[in-house]
Amino acid sequence: MRKPNEKNPEPPLTFGAPRHLDNVTVILVEPAVPGNIGSAARAMTTMGLTDLVVLNGPKDFRTHMQTIMLGHGAGDLLKKARAVSTWEEATEGLHWLVGTTHRKRRPQFPQVVEAREAVKKIVELTHKHRVGIVFGREEAGLSDTELRLCHDVVSVPQATEHPSLNLSQAVMLFAYEIYLASMGEIPKPKYNLATVHEVESLLKHLQTSLAKIGFRPHQGDPQSFLRSLRRAIARAPLEKRDCNVLHRICQQIDFYVDEQR
């Protein structure tokens, strides 16, 4: 067997990136350290992911020396990375959101799924839809409000009670699992899902129309009711046509109420 040497090293074990991985968006929420953005970009590039969104990160992250040094080989990805200031901008055009966490959550949150199990759905969806993987702040992670806006909440199993994964290490683990799950035949989704923003628009319309006919949520808390609706819909994802049908029902309620006035 020929031994590798410095002049003639063995070629790396590479298989290319499946095209559907372009539909995976990595969203970093308020990263504090430019180097973590560079390291995350490097991990993404290694695993064939191409779309990075930085929500309220350091303004100079593209030109910061830490980013450049730790993002070696990921220059093209960093150049086209999108810097945004709102959740709505970060999730524009996405059909499914996966929030990441290492903390136990209360029952009103979606059940926390292990990363390896979750990526099966992610990879299947990306054949027709855009999926966002959301990573939180280095110190505090994602807020409860942000996690409630995600369809799935996912975590990486760890051997220690006090996990110490760096942000970019977490990105690397998820990117690897997604890439690995993309090998071979993947079942294609049967449905044409509505986008995150289309579903949020429907939820607001439902809330408004129900209020017009005197509906009062439990304990008078409209946000609690909205969270319950969002959680129920996440269990049975809506297609675009489903949203259209429910909008028409709301429109009929609105019309009826206006006629009675």
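The values are calculated or read from the model by the stated rules, or taken from the named source; none is laboratory data. These figures come from a predicted structure and were not determined experimentally. Every residue, glycine as well, gets a Cβ built from its backbone with ideal geometry; the counts of neighbours run over all protein chains shown.
The table for this structure:
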item: Selection count, region 176-206, where residues are under 14 Å from Ile233 (Cα atoms) and not aliphatic (A, V, I, L, M); result: 6
item: Selection status of Gly57, assigned to a loop (DSSP other than H, G, I, E, B) and at positive phi; result: no
item: Enumeration of residues in region 212-224 that are modelled with pLDDT of 80 or more and surrounded by 14 or more Cβ atoms within 10 Å (Cβ to Cβ); result: Lys212
item: Condition broken by Gln111, with the remaining ones in (1) polar (S, T, N, Q); (2) exposed (fewer than 15 other Cβ atoms within 10 Å of the Cβ); (3) at pLDDT 95 or above; (4) closer than 25 Å to Pro189 by Cα satisfied; result: (3)
item: Region 75-88 - residue that is of a type in the set (Gly, Ala, Ser) and modelled with pLDDT of 95 or more and, of those, farthest from Leu125 (Cα to Cα); result: Ser85
item: Selection count where residues are in contact (Cβ under 8 Å) with a residue 40 or more places away in the chain and outside any helix (DSSP H, G or I), scope region 199-224; result: 1
item: Enumeration of residues in region 149-197 that are over 30 Å from Leu70 (Cβ atoms) and either at pLDDT 80 or above or buried (at least 22 other Cβ atoms within 10 Å of the Cβ) (or both); result: His151, Tyr191, Asn192, Leu193, Ala194, Thr195, Val196, His197
item: Per-region count, region 137-150, residues part of a loop (DSSP other than H, G, I, E, B) and over 11 Å from the mean Cα position of the chain (by Cα); result: 5
item: Qualifying position, being small (Gly, Ala, Ser) and farther than 28 Å from Leu52 by Cα, among Gly141, Gly132, Gly184, Gly220; result: Gly220
item: Filter result (free of Cβ contacts under 8 Å to residues at least 60 places away in the same chain and either touching a Lys or Arg at 6+ places or on another chain (Cβ under 8 Å) or of a type in the set (Asp, Glu) (or both)) within region 110-132; result: Val112, Glu114, Glu117
item: Lys240 being within 18 Å of Thr91 (Cα to Cα) and surrounded by 11 or more Cβ atoms within 10 Å (Cβ to Cβ); result: yes
item: Given (1) outside the structural domain of Cys250 (by TED's automatic domain parsing); (2) outside any loop (DSSP other than H, G, I, E, B); (3) crowded, with 18+ Cβ neighbours inside 10 Å, number of the condition Arg227 does not satisfy; result: (1)
item: Residue in region 15-32 that is of a type in the set (Phe, Trp, Tyr) and buried (at least 17 other Cβ atoms within 10 Å of the Cβ) present; result: no
item: Which numbered condition Thr91 misses (of (1) surrounded by 23 or more Cβ atoms within 10 Å (Cβ to Cβ); (2) over 24 Å from Ala232 (Cα atoms); (3) at pLDDT 95 or above); result: (2)
